[in-house]
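**Q** Handing you a structure now.
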């Protein structure tokens, strides 16, 4: 992924990834993580940090949380 492999190692790795569904899945997940880490700006970075919930929204959340019974 980060290092260039000799051609015979690359061929062996590709063959293994074609045959092993678990390693193939892991490889895809690692590529997604690698891309995510390199993102420069996330869409939610523009959200104003000073915004807060309205009193009505706070009350709705409190009512909703109060209706949920603890599972423990």
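**Q** Regarding residue 17, is this residue in a helix (DSSP H, G or I) and at pLDDT 90 or above? Walk me through it before giving the result.
**A** Values: in a helix (DSSP H, G or I): yes; at pLDDT 90 or above: yes.
Yes; evaluated as a whole, the condition is true for this residue.
**Q** Here's a check for you: in region 43-61, which residue that is at pLDDT 85 or above and surrounded by 10 or more Cβ atoms within 10 Å (Cβ to Cβ) is farthest from the chain's Cα centre (by Cα)?
**A** Applying the filter and picking the extreme gives 59.
The values are calculated or read from the model by the stated rules, or taken from the named source; none is laboratory data. Because the structure is a prediction, the values reported are computed rather than measured. Cβ coordinates were reconstructed from backbone atoms using ideal geometry, including for glycine residues, and neighbour counts include every protein chain displayed.
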